[in-house]
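For reference, the structure discussed in these notes is given below.
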Amino acid sequence: MRYRKFRKLLAVYASAAVAVLGVFSLVCYDRLQTYRRQTGADASRAFEETVVSVDRLSRSLEKSLYAADGGMSARVCAEICADARAAETALAALPFSTLEHEQVKRFLGVVGDYAFTLCGEAAEQGFTPEQRRTLAELSEQAARTAAWIEQTQSGVNDGLIVMDSREARLANVEEAERRLLSGAFDEFETAFPALRPLHYDGAYTARDEAQQDAADEGEARRAAAALLEVEPAELTPAAEYASGERYVYEHGSRSVCVGAAGVESLTDSRLVSESRLDEAAGEAAAQRVLDRLGYQDMSLSESRRSGALLELCYVCADGDVSCLDRTLRLTIALDDGSLYALDTGGLGEETESEWELDAAEAEALVPDGLTLRAGRRVTIASPGGNSVPCYELDCAATDGSRVRIYVRAADGKQQEILIG
């Protein structure tokens, strides 16, 4: 009797569990379908925004061919920059990797950065003949890209080209017998013409690759040993780059890279969890490292504590000029004061600085609403990596916040403004 009741009770519970599981599966399936429709709509909307943004970019670049004065030229540059950034953002939202649209994305980046750089220059007298020639070339390429992408959109609307599925890509499923949008982009990429090198003061400027001198292995080993304060024979060679341009040596958990100009970097893989030293002791240890490397004219610019590590940034000094574009960064472990990381890649080469303005003339250029607290002579890096001599005007706003204005020493115009 009890056994029969148990079987009936078990059957009831099992039926209820099956019913609940069925309802749950139905709800999950419905949600999955909703998610699929939503992701598909998001992908379609991203592609439509890409089409619109590229078309606007093409028209903005065409406007630049007819801009005759400085005000209109600067306005057109702002439009070009905004349209290029919008197209980049929309392109990044498409449901496939950047490999299929790498050339198009780089083209958008170059156009946006070039226009951004020209904004200030064109505001005075308009575009120079060289700038107009470059803008004309970019306009032609943008027009071709816009025409292709509009044609591709027609193929998507007609069902000849299918939008990629993130779900299929995550599952690594091949969508056979259908022409995908990523495939169309990939075909366009192979025929995308290479841009000629652009020479301007921006992030994508063409740079002449300097020939790297070869480092002497014996000197490189001795430099690494001096930094680690060990005997050269204790170092283990780890790698050699490009026929002796650089050597890497290891000692324990630390690795040192040395080039022809000396030590370039140091990294330490050990974990530092306990802090026994204060920041003053860490800065003293960092100064001893600078002395060992032979860096004399350097001053501490930034200091930040991260757990048991002290991260420091030093800038070079040229007399009373602080070279903010020539920096050395190092990290001290606060458990034993040892060097934890070093990067000399920001030092660069020393350049000659010309100072047309004196300090009084520069300080007279403080904008209304700001109170000058201090001023000094510095060099900072332009977007294109060039060294620009400036007067740093450290000011206070009416609300007490810090505002630093960098005025070019050559003509008294503002180069940079930093808030906070």
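If only residues of the range 343-402 that are part of a strand (DSSP E or B) and among the acidic types (Asp, Glu) are counted, the one that is nearest to Leu328 (Cα to Cα) is Asp343.
The one condition from (1) under 23 Å from Arg288 (Cα atoms); (2) at pLDDT 90 or above that Thr379 does not meet is (1). Do you know which residues across the range 121-141 are touching a residue at least 24 places away in the same chain (Cβ under 8 Å) and part of a helix (DSSP H, G or I)? Matches in the range 121-141: Ala122, Ala123, Glu124, Gln125, Arg132, Thr134, Leu135, Ala136, Glu137, Leu138, Ser139, Gln141.
Put simply, of Glu137, Glu100, Glu130 the only residue that is assigned by TED's automatic domain parsing to the domain that holds Glu62 and at pLDDT below 90 is Glu100.
Residue-wise test of (1) among the small types (Gly, Ala, Ser); (2) in the same structural domain as Tyr406 (by TED's automatic domain parsing); (3) at pLDDT below 90.
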position: Leu330; (1), (2), (3): no, no, no
position: Leu334; (1), (2), (3): no, no, no
position: Gly337; (1), (2), (3): yes, no, no
position: Glu349; (1), (2), (3): no, no, yes
position: Arg373; (1), (2), (3): no, yes, no
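In contact with a Pro (Cβ under 7 Å, 6 or more places away or on another chain), surrounded by 13 or more Cβ atoms within 10 Å (Cβ to Cβ) and touching a residue at least 40 places away in the same chain (Cβ under 8 Å), is that true of Ser387? Against the criterion (in contact with a Pro (Cβ under 7 Å, 6 or more places away or on another chain), surrounded by 13 or more Cβ atoms within 10 Å (Cβ to Cβ) and touching a residue at least 40 places away in the same chain (Cβ under 8 Å)), Ser387 does not qualify. Within the range 104-139, the set of residues being under 16 Å from Pro197 (Cβ atoms), touching a Pro at 6+ places or on another chain (Cβ under 9 Å) and not β-branched (Val, Ile, Thr) comprises just one member, Asp113. Tell me whether the range 281-292 contains one or more residues that are in a strand (DSSP E or B), out of contact with any helix residue (DSSP H, G or I) (no Cβ under 8 Å at 6 or more places or on another chain) and surrounded by fewer than 20 Cβ atoms within 10 Å (Cβ to Cβ). No, the conditions are met nowhere in the range 281-292. State which residue is surrounded by the most Cβ atoms within 10 Å (Cβ to Cβ) when the search covers only the range 344-384 and only residues that are within 11 Å of Ala409 (Cβ to Cβ) and polar (S, T, N, Q). Looking at residues that are within 11 Å of Ala409 (Cβ to Cβ) and polar (S, T, N, Q), I get Thr379.
When you scan the range 263-270, do you find a residue that is surrounded by fewer than 16 Cβ atoms within 10 Å (Cβ to Cβ), in contact with a strand residue (DSSP E or B) (Cβ under 9 Å, 6 or more places away or on another chain) and modelled with pLDDT under 90, even just one? Scanning the range 263-270, I find no residue that is surrounded by fewer than 16 Cβ atoms within 10 Å (Cβ to Cβ), in contact with a strand residue (DSSP E or B) (Cβ under 9 Å, 6 or more places away or on another chain) and modelled with pLDDT under 90, so the answer is no. Hey, can you tell me all the residues within the range 286-297 that are under 30 Å from the mean Cα position of the chain (by Cα) and more than 15 Å from Leu342 (Cα to Cα)? Selection gives Asp297 alone. Looking at Gly109, is it modelled with pLDDT of 85 or more, surrounded by fewer than 17 Cβ atoms within 10 Å (Cβ to Cβ), part of a helix (DSSP H, G or I) and not assigned by TED's automatic domain parsing to the domain that holds Pro383? Against the criterion (modelled with pLDDT of 85 or more, surrounded by fewer than 17 Cβ atoms within 10 Å (Cβ to Cβ), part of a helix (DSSP H, G or I) and not assigned by TED's automatic domain parsing to the domain that holds Pro383), Gly109 qualifies. Would it be correct to say that Ser60 is part of a helix (DSSP H, G or I), without any contact (Cβ under 8 Å) to a residue 60 or more places away in the chain, within 22 Å of His199 (Cα to Cα) and small (Gly, Ala, Ser)? Yes. Of the candidates Val263, Val258, Val248, the single residue that is more than 26 Å from the chain's Cα centre (by Cα) and either on the phi < 0 side of the Ramachandran plot or outside any helix (DSSP H, G or I) (or both) is Val248.
The values are calculated or read from the model by the stated rules, or taken from the named source; none is laboratory data. What you are looking at is a predicted structure, and each value in this text was computed from that prediction instead of being measured. Using ideal geometry, Cβ is built from the backbone for each residue, glycine included, and neighbour counts are taken over all protein chains shown.
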